1. Limited to segment 107-139, what total is found for residues that are in a helix (DSSP H, G or I), of a type in the set (Ser, Thr, Tyr) and modelled with pLDDT of 95 or more?
2. Go through segment 57-107 and count every residue that is surrounded by fewer than 16 Cβ atoms within 10 Å (Cβ to Cβ), of a type in the set (D, E, K, R) and under 15 Å from residue 39 (Cβ atoms).
3. Taking the criterion of being more than 16 Å from residue 15 (Cβ to Cβ), of a type in the set (Phe, Trp, Tyr) and in a helix (DSSP H, G or I), would at least one residue in segment 96-106 satisfy it?
4. Regarding segment 60-74, can at least one residue be identified that is of a type outside the set (Asp, Glu) and touching a residue at least 60 places away in the same chain (Cβ under 8 Å)?
5. List the helices (runs of 4 or more DSSP H) inside segment 2-83, counting only whole elements, that have at least 3 residues being among the polar types (S, T, N, Q).
Amino acid sequence: MDATTRDCANELLEVIPLMMRVIRAQVRSHSSPELSIPQFRALAFLGRNERAMLGDVGNFLALSLPAASKLIDGLVAAGFATRETDPADRRKVVLELAPAGQAKYAAAVKEAAAFLAGRVSRLTDVERDRLAHAMRSLRTIFDAPSETRNGAAKTKRAAARV
């Protein structure tokens, strides 16, 4: 049976949220108690986006600027992120991971990749090849320079492939 574009879309709408719930639960079970889930998601966003703006984090987390600022304050206070004024526009705040944040993000990505490798190991070689091909195809149609709406930050692919 040949799948229609609507069939593919429906499968994506079913599988992606399921995968994200499982991955989030896995990360939550292995993350440090000093981080809330929104803080961890912000940390991951900063790990994938160089020099993100506060508004980018707020948009990603669906938070107002004041709420995003408070969340980032917690990451800065914990030593996981840095916050500085953009030299080109003093109205903008640029965010980056501090070394401790980079280490925490890298450890979480490594743990998630190991978890997913365990799940994928249940597939046959042929199924894994098909899955890898499908993921590459999806990357070509969904890949963008950034997760952000304004495209100001660059995606860090290398960190995501740890």
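1. Looking only at segment 107-139, we keep the residues that are in a helix (DSSP H, G or I), and these are 107-120, 125-139.
Retained after the next criterion (residues that are of a type in the set (Ser, Thr, Tyr)): 137.
Now restrict to residues that are modelled with pLDDT of 95 or more: none.
Number of matching residues: 0.
2. Adding up the residues that qualify gives 3.
3. In the first step, residues of segment 96-106 are kept if they are more than 16 Å from residue 15 (Cβ to Cβ); the result is 96-106.
Adding the requirement that they be of a type in the set (Phe, Trp, Tyr) leaves 105.
Those still in the list that are in a helix (DSSP H, G or I) too: 105.
So far as segment 96-106 goes, yes, one or more of its residues are more than 16 Å from residue 15 (Cβ to Cβ), of a type in the set (Phe, Trp, Tyr) and in a helix (DSSP H, G or I).
4. yes
5. Values: elements: 5-30, 37-48, 54-61, 65-77.
Those helices (runs of 4 or more DSSP H) span 5-30.
For every residue, the table says whether it meets (1) in contact with a strand residue (DSSP E or B) (Cβ under 8 Å, 6 or more places away or on another chain); (2) among the small types (Gly, Ala, Ser).
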residue	(1), (2)
48	yes, no
60	no, no
71	no, no
77	no, yes
84	yes, no
123	no, no
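The values are calculated or read from the model by the stated rules, or taken from the named source; none is laboratory data. On a predicted model such as this, the values are computed, not experimentally measured, just so you know. Here Cβ is always computed from backbone atoms with ideal geometry, including for glycine, and neighbour counts include all displayed protein chains.
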